[in-house]
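Enquirer: My structure is below; once you've seen it, I'll send some questions.
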């Protein structure tokens, strides 16, 4: 019963009331040395991604090179305003552990951000990634524009076909318009840079995602 409760999305009525005070990061990115919160420079886009425990997920994106302006971990896709980590892990807020990726598409095409997303986890596992079980570990893309949505949906179709050919199940990734993004507590930000031997539960499928995805760029 406990396992089932952790893997079933709660309703808004189940969610904690939350709070009006937001967590506003004051420290710069531990690796990139840039502000975590916006406003970001002209031309920089944001994409919010969920692919399991956000400690390891964030590292995948800050390692993509100079096209990444900054990254931050937080919570999205739920009901409770300004949730705490403990509330999210309780499974009652509906939030996903996510990474906000702020990137310059002129230096890092959206296609490469999506390729990194797909190849860094198993998007067929539903409400889990490996041994991490719960609604906060679901696969998700939270898009900031119609262009991003079209690219995300095209990439899901393309990667789904490749995975099916290799014997994997159906992709369970949700693709939604980006709602509120709530920054996680400071100690979660760039956790694996501060704690190089810390836990990372991510594991991809080992299947390459096609490059040159339709509408991605």
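The values are calculated or read from the model by the stated rules, or taken from the named source; none is laboratory data. As the structure is a prediction and not an experimental result, all values here were calculated from the model. Glycine gets a Cβ as well: all are built from the backbone with ideal geometry, and neighbour counts include every protein chain shown.
Enquirer: Condition check: outside any helix (DSSP H, G or I), modelled with pLDDT of 95 or more, touching a helix residue (DSSP H, G or I) at 6+ places or on another chain (Cβ under 6 Å) and surrounded by 19 or more Cβ atoms within 10 Å (Cβ to Cβ). Does residue 70 satisfy that? Please lay out each step first, then the result.
Expert: Values: outside any helix (DSSP H, G or I): yes; modelled with pLDDT of 95 or more: yes; touching a helix residue (DSSP H, G or I) at 6+ places or on another chain (Cβ under 6 Å): no; surrounded by 19 or more Cβ atoms within 10 Å (Cβ to Cβ): yes.
Taking the combined requirement at face value, the residue does not satisfy it.
Enquirer: Among the residues of the stretch 34-44, is there at least one that is out of contact with any strand residue (DSSP E or B) (no Cβ under 9 Å at 6 or more places or on another chain), at pLDDT 95 or above and crowded, with 17+ Cβ neighbours inside 10 Å?
Expert: Kept after step one, since they are out of contact with any strand residue (DSSP E or B) (no Cβ under 9 Å at 6 or more places or on another chain), are these residues of the stretch 34-44: 39, 42-43.
Checking which are at pLDDT 95 or above leaves us with 42-43.
When the remaining residues are screened for being crowded, with 17+ Cβ neighbours inside 10 Å, the result is none.
Checked against the condition, which is being out of contact with any strand residue (DSSP E or B) (no Cβ under 9 Å at 6 or more places or on another chain), at pLDDT 95 or above and crowded, with 17+ Cβ neighbours inside 10 Å, the stretch 34-44 yields no hits at all.
Yes or no, residue by residue, for (1) under 21 Å from residue 127 (Cα atoms); (2) surrounded by fewer than 17 Cβ atoms within 10 Å (Cβ to Cβ); (3) touching a residue at least 24 places away in the same chain (Cβ under 8 Å):
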| residue | (1), (2), (3) |
| --- | --- |
| 160 | yes, no, no |
| 165 | no, yes, no |
| 168 | yes, no, yes |
| 173 | yes, no, yes |
| 183 | no, no, yes |
| 186 | no, yes, yes |
| 189 | no, no, yes |
| 198 | no, yes, yes |
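Enquirer: Every residue in the stretch 145-155 that is in a helix (DSSP H, G or I) and surrounded by fewer than 21 Cβ atoms within 10 Å (Cβ to Cβ), please. Break it down stepwise before answering.
Expert: Initial filter on the stretch 145-155 (in a helix (DSSP H, G or I)): 146-155.
Passing the criteria: 146, 147, 149, 150, 153, 154.
Enquirer: Anything in the stretch 17-33 that is touching a helix residue (DSSP H, G or I) at 6+ places or on another chain (Cβ under 7 Å), surrounded by 16 or more Cβ atoms within 10 Å (Cβ to Cβ) and either modelled with pLDDT of 95 or more or outside any loop (DSSP other than H, G, I, E, B) (or both)? List them, or say none.
Expert: Of everything in the stretch 17-33, those that are touching a helix residue (DSSP H, G or I) at 6+ places or on another chain (Cβ under 7 Å), surrounded by 16 or more Cβ atoms within 10 Å (Cβ to Cβ) and either modelled with pLDDT of 95 or more or outside any loop (DSSP other than H, G, I, E, B) (or both) turn out to be 31, 32.
Enquirer: To continue, here is another question. Of all residues in the stretch 88-109, which are on the phi < 0 side of the Ramachandran plot and either assigned to a loop (DSSP other than H, G, I, E, B) or surrounded by fewer than 21 Cβ atoms within 10 Å (Cβ to Cβ) (or both)?
Expert: 89, 90, 92, 93, 95, 104, 105, 106, 107, 108, 109 - these are the residues of the stretch 88-109 that are on the phi < 0 side of the Ramachandran plot and either assigned to a loop (DSSP other than H, G, I, E, B) or surrounded by fewer than 21 Cβ atoms within 10 Å (Cβ to Cβ) (or both).
Enquirer: Condition test on residue 133, is it closer than 27 Å to residue 29 by Cα and in contact with a helix residue (DSSP H, G or I) (Cβ under 9 Å, 6 or more places away or on another chain)? Even if it seems obvious, please write down each step before you answer.
Expert: Values: closer than 27 Å to residue 29 by Cα: no; in contact with a helix residue (DSSP H, G or I) (Cβ under 9 Å, 6 or more places away or on another chain): yes.
When the stated conditions are applied, residue 133 does not pass them.
Enquirer: Which residues, counting only those in the stretch 124-144, are in a loop (DSSP other than H, G, I, E, B), over 12 Å from residue 175 (Cα atoms) and modelled with pLDDT of 95 or more?
Expert: Residues satisfying the conditions are 124, 125, 126, 127, 134.
Enquirer: State the number of residues belonging to the stretch 59-109 that are within 19 Å of residue 131 (Cβ to Cβ) and touching a strand residue (DSSP E or B) at 6+ places or on another chain (Cβ under 9 Å).
Expert: Kept after step one, since they are within 19 Å of residue 131 (Cβ to Cβ), are these residues of the stretch 59-109: 59-60, 85, 88-91, 96-97.
If we keep only those that are touching a strand residue (DSSP E or B) at 6+ places or on another chain (Cβ under 9 Å) too, we end up with 59-60, 85, 88-89, 96-97.
Total meeting the criteria: 7.
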